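Every number in this text was worked out from the coordinates using simple rules, so none of it is lab data. Remember, predicted model here, so these are calculated numbers, not experimental data. Please note: Cβ atoms are built from the backbone with ideal geometry, for glycine as well, and neighbour counts cover all protein chains shown.
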Amino acid sequence: MKKFGFVLIVLSVLFLCAGCDIPNLKKEAAAPPPEKPKHNVLVVCFSATGTTKSIGKRIAKMTGGTFYEIRPAKPYTTADLDWHNPNSRSSREMKDEQCRPDLESDIIGFSDYDVIYMGYPIWWGEAPKIMYTFAERQKFTGKTVVSFCTSGSSPIGDSAKNLEKVAIGGMWLEGVRFGAHPTDAELQALINTVK
């Protein structure tokens, strides 16, 4: 009878512990690996006053992409950007179809990315000439390119199409214009154009 009671106690303890989480006795299910990003994203921007740059950084953060700022070899001064002065540097550049301002440096690893968001301000209804310098130096073959611009009121117009004309390859989606402070929803709508 004592044996029977002992067996009952042992069975009761085993039964109660069957549902317990005893360390090192149960092998926990491995967590699924993190989801791999759909695309390798690069956000490149030229920003004379910082507006386009801040939007580009937001897009990079939202997509998990890399941000790269296009900088001229010779920085623009406030006088250079005076669009009221027909002799300012920016005015002269925009009148010259062949103008291609030098870049501070070339981007490294451009071939690693498959989606490129390309941002710039609108100058005289067009992308600044430094964007042409950038577009002509890259090979966009096999990449999806999404242009976005910033302006007070000017539309994007043909600026993205004109950049596409000088670029080598790529699938260029329709560009979008933003004001100085787009909402996250507006940025997400642009991001969602890439499948």
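Once you have all Cα-Cα distances for the range 45-93, histogram them in 10 Å bins from zero and send the whole-percent values. With a bin width of 10 Å, the distribution comes to 26, 40, 24, 10, 0. Pairs from the list LYS38/LYS74; LYS38/LYS61; LYS61/LYS129; LYS74/LYS143; LYS57/LYS143 with a Cα-Cα gap above 25 Å: LYS38/LYS74; LYS61/LYS129; LYS74/LYS143. Note on LYS57 and LEU81: with the Förster distance fixed at 25 Å, the Cβ-Cβ geometry gives a FRET efficiency of about 0.75. Peptides 67-73, 79-85 ordered by packing proxy, namely the average of other Cβ atoms within 10 Å per residue, highest first: 67-73, 79-85. Between GLN98 and ALA73, the contour length at 0.36 nm per residue exceeds the Cα-Cα span by 7.3 nm. Across the range 107-122, the residues whose backbone nitrogen lies under 12 Å from the label position 7 Å along the beta-carbon direction of ILE168 are 111.
An oblate overall shape is assigned to the range 96-161, the ratio a/c of its alpha-carbon gyration tensor axes (a ≥ b ≥ c) being 1.5 or greater and a/b not exceeding b/c.
Packing around the peptides 52-65, 161-174, taken as the average count of other Cβ atoms within 10 Å per residue, puts them in this order, highest first: 52-65, 161-174. Neighbours of VAL176 by Cβ distance under 15 Å: Lys/Arg scored +1, Asp/Glu scored -1, total -2.
Among the chymotrypsin sites (Phe, Trp or Tyr not before Pro) in the range 88-137, those located in a DSSP loop and surrounded by at most 14 other Cβ atoms within 10 Å of their own Cβ are TRP124. The aspartates and glutamates within cross-link reach of LYS139, meaning a Cα-to-Cα straight distance under 14 Å and a gap of 8 or more places when in the same chain, are ASP106, ASP112, ASP114, GLU164.
A cut-off under 14 angstrom between Cβ atoms defines the neighbours of SER111, and their net charge, with Lys, Arg +1 and Asp, Glu -1, is 0. Normalised by 2.2 N^0.38 Å, with N the number of residues, the alpha-carbon radius of gyration of the range 37-191 equals 0.98.
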